[in-house]
Amino acid sequence: MFRDLTITDIRPEGSDAVRITFDTPEDIDWKPGQYLTLRSTIDGQDIRRSYSIASFPDQPLCVGVKRVDGGAFSTFAQSLTRGKSVQVMQPEGRFCPRGEQTLLLVAAGSGITPMISIAAEALERGAEVTLVYGNRNSGSIMFKDTLDALKDRYMGQFNLIHILSREPQDVELLNGRVSGEKLQRLARAGAVDLNAEGVYLCGPGAMIDDVAVMLTGEGVPETRIHHERFFMEGEAPRAPSVAAQEAAEKGAQVEVVLDGTRRVFNVEEDDENVLDAAARQGLELPYSCKGGMCCTCRCKVAEGGAEMAVNYSLEPWELEQGFTLACQTRPTTEKLVLDFDAA
Ligand code: FES
């Protein structure tokens, strides 16, 4: 599942982030908008984090890692050097452009990383791209040189708008935070087109939700709006339902199908979710964020019932078809079958 990739370059990206580039074997296939899960053992703990790929098409894989106060992996990443190797999972993710000819990209902070790949791919095939990018100040802008280079190269196709919250700019509309209201005002001023064929949002959950509500209010079809959440603030997971509590009290039996193999284990009262229960019994299921955001643990309920504590990544059609996130799943029946091989 993981393989070692050697770091070929590591350099600062803005005031508190680094860009890490990997020696990339030809058999690694990736699409703009996807992410890499990096893994390391830090203080004896298996730590994994997902980082969006920020490479141009056909270029070696690179990610941008922003330092998070107290964040084990992001702090560790700042100490990496050229020539070291890191365990990396095959690229995953579905935050990928769909061949649209007009794109509106909205990012805040490190949410810019997938937008670099998405914009580069779209511009290269002749699409028109508007990127609204929010930061504290000009010093904290990640991939500034890359964005400037794209702007120079695709002058008539690429509309780049920086919004800064702690550094006043001459145009009042460009000051503050990225929000639904800010986007709406930019649209009314003719600076952005909300009717782009694809709207891609990446950053904190609160920003995404605010912008998405505005867009749907403006009549943008939900099918055109795509998002990738980097973190959520203050959203409490749903408490287990009575059915989930009863199933756990009885020691619900969970059967998983993974890479064609069936394994059985139990979920008990102290287990927060299926992923933790499996790990307690020595079975490693795929995961990365453990927070309902990345979809690495996505699987399908093939039999029985289940509920999730949170879901920030599965789309309505996936929920309808019975997909769930193992890191958030609790059985609601005494037997639950989860298929990790389901497409
Ligand atoms: S591990 Fe990321 S959603 Fe479950």
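For the peptides 243-256, 68-81, 94-107, what is the packing order when you average, over each peptide's residues, the other Cβ atoms within 10 Å and list the highest mean first?
Peptide ranking by packing, descending: 94-107, 243-256, 68-81.
Pull out a ≥ b ≥ c, the square roots of the eigenvalues of the alpha-carbon gyration tensor of the range 102-231, then state rounded if a/c is under 1.5, prolate if not and a/b is larger than b/c, and oblate in the remaining case.
It is rounded, given that a/c, with a ≥ b ≥ c, falls under 1.5.
Hey, got a sec? Which chymotrypsin sites (Phe, Trp or Tyr not before Pro) in the range 110-212 land in a DSSP loop and have at most 10 other Cβ atoms within 10 Å?
Passing sites in the range 110-212 do not exist.
Could you tell me what percent of the DSSP beta bridges with both partners in the chain are antiparallel, to the nearest 5?
Once the DSSP bridges in the chain are tallied, antiparallel ones form about 60 percent.
Sorting check: for 170-181, 269-280, which peptide has the highest mean count of neighbouring beta carbons within 10 Å, and how do the rest follow?
Put in order of decreasing packing, that is 269-280, 170-181.
Within the set of other residues whose C-beta is less than 13 Å from the C-beta of Asp270, count the net charge using Lys and Arg as +1 and Asp and Glu as -1.
Counting the neighbours of Asp270, the net charge comes to -4.
Whole-Hz Karplus ³J(HN,Hα) for the range 190-206, in order, using 6.51 cos²θ - 1.76 cosθ + 1.60 and θ = phi - 60°, x for Gly and Pro?
x, 7, 9, 10, 6, 8, 4, 5, x, 10, 10, 10, 8, x, x, x, 5
For the chain, place one equal point scatterer on every Cα, skip the solvent, and apply the Debye formula. What is log10 of I(q)/I(0) at q = 0.08, 0.13, 0.15 Å⁻¹?
Relative scattering, expressed as log10 I(q)/I(0), comes to -0.41, -1.04, -1.29.
What FRET efficiency comes out for the pair Asp148/Val310, r = Cβ-Cβ distance, R0 = 45 Å, nearest 0.05?
Efficiency for this residue pair is about 0.75.
Just check the range 97-172 against the gyration tensor rule for me: Cα atoms, a ≥ b ≥ c as the square roots of the eigenvalues, rounded for a/c under 1.5, and otherwise prolate or oblate depending on whether a/b exceeds b/c.
Taking the square roots of the gyration eigenvalues as a ≥ b ≥ c, the range 97-172 is prolate.
Can you tell me the FRET efficiency between Asp58 and Glu334 if r is taken as the Cβ-Cβ distance and R0 is 56 Å, rounded to the nearest 0.05?
Efficiency computed from Cβ-Cβ geometry: 0.65.
By per-residue mean of other Cβ atoms within 10 Å, what is the highest-first order of 54-65, 112-123, 323-334?
In decreasing order of mean packing, 54-65, 112-123, 323-334 become 112-123, 323-334, 54-65.
With only alpha-carbon atoms in the gyration tensor, what are the semi-axes of the equivalent ellipsoid for the range 242-339, in Å, largest first?
Over the Cα atoms of the range 242-339, the semi-axes work out to 18, 15, 13 Å.
Kindly write out, for the range 63-77 in residue order, the coupling ³J(HN,Hα) from the Karplus curve 6.51 cos²θ - 1.76 cosθ + 1.60 (θ = phi - 60°), rounded to whole Hz, with x marking Gly and Pro.
Those phi angles translate into 10, x, 10, 8, 6, 10, 4, x, x, 4, 6, 5, 5, 4, 4 Hz.
If you stretched the chain out fully between Glu284 and Glu181, how much longer would it get, using 0.36 nm times the residue separation minus the C-alpha to C-alpha distance?
32.7 nm
FYI, it's all coordinate maths here, none of it is from the lab. Note that the structure is a prediction, hence the values are computed from the model and not measured. Cβ: placed from backbone, ideal geometry, glycine included. Neighbour counts: every protein chain shown.
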